[in-house]
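The values are calculated or read from the model by the stated rules, or taken from the named source; none is laboratory data. Computed from a prediction, not measured in an experiment: that's the story for all the values here. So basically every Cβ, Gly included, is an ideal-geometry build from the backbone, and we count neighbours across all protein chains shown. The area values use the complete protein model at the heavy-atom level, side chains included, leaving out ligands, DNA and RNA. Shrake-Rupley method; radii C 1.70, N 1.55, O 1.52, S 1.80 Å.
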Amino acid sequence: MKGWSGRYLHIDLSNKKFQYVELPTEVLHNFIGGRGLAIKLLWDLNPVGVDPLSPENYLVLAVGPLTGFPLPSSGKMVVASKSPLTGGYGDGNIGTRVAVELRNLGVDAVAIKGRSPEPTVLYLSCEGVEFRSGRDYWGLTTLETERRLKKELGENVSTLTIGPAGEKLVKIATVISEFGRSAGRPGMGAVMGSKNLKAIAVRGCSRPEAADRSELARLGSEAYRKVKESPLYEFWVRQGTMATIEWSQKNSVLPTYNFSEGVFDYWESIDGYVMESMKTRVKACPNCNMPCGNVVKYVTSTELGEAELDYENVAMLGSNIGLAPLNKVAHINLLADLYGIDTISLGNILGFAMELSEKGLLKDRVEWGDYSKIKELTRQIAYREGLGDLLAEGVAEVASRIGGDAWKYAIHAKGLEVSAYDCHAAPGMALAYATSPIGAHHKDAWFIAAEVKMGRFNYTIEKVERLVWMQNIRGGMFESLVTCRLPWVEVSLDLDYYPKLLTAATGVTYTWDTIHEVANRIYSLVRSFWVREYIAVGRKWSYEMDMPPVKWFTQPLTKGPLKGSKLDTEGYIKMLKHYYSIRGWDENGVPTKSTLEKLGLSYAALKLEKLGIHLS
Ligand code: PTT
Ligand code: SF4
């Protein structure tokens, strides 16, 4: 087999056993890799209705047939599991050398179950799996863990680690690599913590083989050249995703004061130009020639440090909680990386606490932009102390525990906190959040830019069609290849490279039709997984699961050029129903029997029917 390795590594932490398991060719062709393979493995291996923090829940690391080859930005991988935050499918995408090393190890995925009786570090190499004691690492920050592992196992070992938040089962804990890359917003770090798994170190020894090596090399080097020749390249390497602060402010989508506004008075003190003035170096994921990891040096009255900044981090830990200027935001960003907490959810939960406090719904006083309090609460969340123990559960759970009107200010979809685009005047982006396969995240459809061009206030079928196309490309194709999507998004690399690269790598002819079919299959299986897991634990499933935060419908913007804007419920529901019909799902968002059968997912239909779900 070319392109793929044709097997995954199965590890059981409870009995310290591992084995290589063959992956049927049909599965690889039908799911490609990354997210596709992850959902297929989770569907097959996870017991129905499993507790996400129990030993039986699998943690899956998955690469794809383009990962690691010399072509633009191919150093990416997917970390997936049933989410302890949402109770549904969860994943994250991370740029790390671990992705390349997994390819060099000759596996397409790693599936980890069980719970080690004591803290453990897994060391995966071509000699097999070593279950090393992680006792000396337990309690360390992510960065210190990575530093020590490199000292112990060699500088060229690559690692995924968790920090204190993952150990304490904080529901918004992520997995960290490369001293500041993060993956798995819906609590993938807590899943690792629940297994007593402090870190995974990987070193491979071979190289993946392509079906048509010379064609892959030709296409790869041509694509690298196109990236560098793009007129957008120079500004991209200057500001990376940080340029979005200015764009979001101008378009009134910069999340501000817990998504109450789309503009922030102090935006100029947290924007890409301030970042440039503090920048000391830039980091890139493996095989990337358009680096965007902007590392800044910052000084505050009490701290001096270095942090890697991205738009999402700065918007959520800046404007959304009323914090400025950038040096303070950078420090909170670093704390999140050290503790292993997702910055987006952290900014969301802090903003939620601030709004609840302002409205008298929380007895603790938490003021907007109170830097000392923000630092202290971040620490408390990581260690589950005081108020932090409650906030560590995520906004949906906090809202339900506090009760009363708290739910009106909780900004999430399906339990995952919304990432950094306000949608009071963006129904298409709101639909993108609400139908994202992991809960409210922009990875599957950064629809906001298209929406600004298509018109902010219309609820059209054209928008829905464009959204489904975008989800299929970003969440279906890029998450399965697995490569970074930014060469396409940010410097306009021609999308047509990807089916050609995939065909050259695997020897299987992929066209746009087959790629969309794979994407549809992945979306319908992920959706079936959510429904299966909800019903199995007695939770209800309905179209309401695909509704965005109520605040965007009820509390209009009070500032900026779009003052007075809010979403229209009827218009939104019309779009949602159209979305279902394009996907072949019923009016509650459950895939129909014929959709599942057409996509080769009859086994999912059978399982859902066995659980008593009527499929139309
Ligand atoms: C991603 C989410 C994002 S999306 C950001 S910034 W972004 C936040 N980064 C965090 C961080 O940093 N530290 C931390 N403690 N928590 C963080 N949470 C947030 O996590 C990411 C880049 C970026 S930067 C983006 S958009 C693109 N995302 C891609 C994707 O999803 N798929 C893909 N095929 N290519 C992508 N390319 C870009 O990669 P999650 P990363 Mg991340 C410090 O993990 O869970 O998916 O959430 O992956 O390697 O850090 O690169 O403005
Ligand atoms: Fe990593 Fe940025 Fe390059 Fe993508 S563009 S591979 S996120 S450095």
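Evaluating 6.51 cos²θ - 1.76 cosθ + 1.60 at θ = phi - 60° for every residue in the stretch 74-86, the Karplus couplings come out as 9, x, 10, 8, 10, 10, 9, 5, 6, 7, x, 7, 10 Hz, glycine and proline recorded as x. Two numbers describe the Cα atoms of the stretch 238-420: Rg and Dmax, which are 15.9, 51 Å.
Semi-axes of the equivalent ellipsoid of the stretch 393-448 are 22, 12, 7 Å, computed as sqrt(5λ) over the eigenvalues of the C-alpha gyration tensor in descending order. Percent of Cα pairs in the stretch 7-203 per distance bin of 5 Å, from zero to the largest separation: 1, 9, 18, 23, 24, 16, 7, 2, 0.
A Förster radius of 41 Å, combined with the Cβ-Cβ distance separating residue 45 from residue 385, puts the computed FRET efficiency at roughly 0.70.
Could you work out the Kirkwood radius for the stretch 33-110, taking every pair of different alpha carbons, averaging 1/r and inverting it, reported in Å?
Numbers: mean 1/r = 0.0781 Å⁻¹.
About 12.8 Å for the stretch 33-110.
Charges were assigned to the Cβ only: +1 to each Lys and Arg, -1 to each Asp and Glu. The resulting dipole of the chain about its Cα centre is roughly 600 debye. Compactness of the chain is given as radius of gyration and Dmax, 22.4, 66 Å, from Cα positions.
With each label modelled as a point 7 angstrom along the Cα→C-beta vector, the residue 453-residue 586 pair spans 3.8 nm. When you filter the GluC sites (Glu not before Pro) in the stretch 170-225 for DSSP loop state and at most 15 other Cβ atoms inside 10 Å of their Cβ, you are left with 209. Electrostatic bookkeeping for residue 285 treats Lys and Arg as +1 and Asp and Glu as -1; over the other residues with beta carbon under 9 Å from its beta carbon, the sum is +3. Under 13 Å from a label point set 7 Å out along the Cα-to-Cβ vector of residue 150, the amide N atoms of the stretch 157-188 belong to 157-160, 177-181.
If you take the beta carbon distance between residue 577 and residue 400 as r and set R0 to 22 Å, what does 1/(1 + (r/R0)^6) give as a FRET efficiency, to the nearest 0.05?
On the way: r = 27 Å, r/R0 = 1.25.
So, using R0 = 22 Å, E works out to roughly 0.20.
Peptide packing: for 14-21, 28-35, 52-59, 183-190, the average count of neighbouring Cβ atoms within 10 Å per residue gives the ranking 183-190, 28-35, 52-59, 14-21, highest mean first. Whole-Hz Karplus values for the stretch 474-484 come out as 7, x, x, 6, 4, 6, 9, 4, 8, 9, 6 Hz, taken residue by residue from phi with 6.51 cos²θ - 1.76 cosθ + 1.60 and θ = phi - 60°; glycine and proline positions read x. Separation of the stretch 189-220 and the stretch 139-166, taken as the distance between their Cα centroids, equals 18 angstrom.
So what's the net charge close to residue 16: Lys and Arg +1, Asp and Glu -1, counting the other residues with Cβ under 13 Å from its Cβ? Intermediate results must be reported in sequence, preceding the final value.
On the way: positive: 17, 113, 115, 132, 195; negative: 12, 118, 130.
My count for the surroundings of residue 16 gives +2.
Straightening the chain between residue 54 and residue 461 buys 142.3 nm, computed as 0.36 nm per residue apart minus the Cα-Cα spacing. Between residue 365 and residue 603, the contour length at 0.36 nm per residue exceeds the alpha carbon distance by 80.5 nm.
Which of the trypsin sites (Lys or Arg not before Pro) found in the stretch 97-191 are loop residues per DSSP with 15 or fewer other Cβ atoms within 10 Å of their Cβ? Walk me through the numbers on the way to the answer.
Working: sites: 97, 103, 113, 115, 132, 135, 147, 148, 150, 151, 168, 171, 181; in loops: 115, 135, 168, 171.
Qualifying residues, ordered by number: 135.
Comparing 41, 53, 14 along the charge dipole axis of the stretch 7-203, the residue lying farthest to the positive side is 53, per the Cβ-charge model. Between residue 256 and 261, the built amide H atoms are under 5 Å apart, and every one of these is 5 or more places off in sequence or on another chain. Extension gain for the segment residue 616 to residue 215, taken as residue separation times 0.36 nm less the Cα-Cα distance, is 139.8 nm to one decimal.
Taking only protein heavy atoms and a 1.4 Å probe, the accessible area of the chain is 50% carbon and sulfur.
Stokes-Einstein at 10 °C, 1.306 mPa s, Kirkwood radius from Cα pairs: D for the stretch 201-322 in µm² s⁻¹?
Values: Rh = 16.9 Å.
Approximately 94 µm²/s, per Stokes-Einstein.
Averaged per residue, the chain has 34 square angstrom of accessible surface, using a 1.4 angstrom probe with ligands and nucleic acids left out. The label point for residue 1 and the one for residue 29, both projected 7 Å from the Cα toward the Cβ, are 1.2 nm apart.
Where Lys and Arg each count +1 and Asp and Glu each count -1, what net charge lies around residue 376 among other residues with Cβ under 10 Å from its Cβ?
Details: positive: 373, 375, 379; negative: 370, 385.
Taking every Cβ under 10 Å from that of residue 376, the sum is +1.
Just in the stretch 581-616: which GluC sites (Glu not before Pro) are loop by DSSP and have at most 13 other Cβ atoms within 10 Å? Of the GluC sites (Glu not before Pro), the ones in loops of the stretch 581-616 whose Cβ has at most 13 other Cβ atoms within 10 Å are 587.
Just to confirm my numbers, what's the Cα centroid distance between the stretch 489-544 and the stretch 382-421 in Å? The distance from the Cα centre of the stretch 489-544 to that of the stretch 382-421 comes to 29 Å. In summary, the stretch 2-66 shows an alpha-carbon radius of gyration equal to 1.16 times the 2.2 N^0.38 Å reference for compact globular proteins. Among 251-261, 270-280, the peptide with the highest mean count of other Cβ atoms within 10 Å heads the list, and the full ranking is 251-261, 270-280. Taken one residue at a time, the phi angles of the stretch 5-15 give Karplus couplings (6.51, -1.76, 1.60, θ = phi - 60°) of 8, x, 7, 10, 9, 9, 10, 10, 6, 5, 10 Hz. Gly and Pro are set to x.
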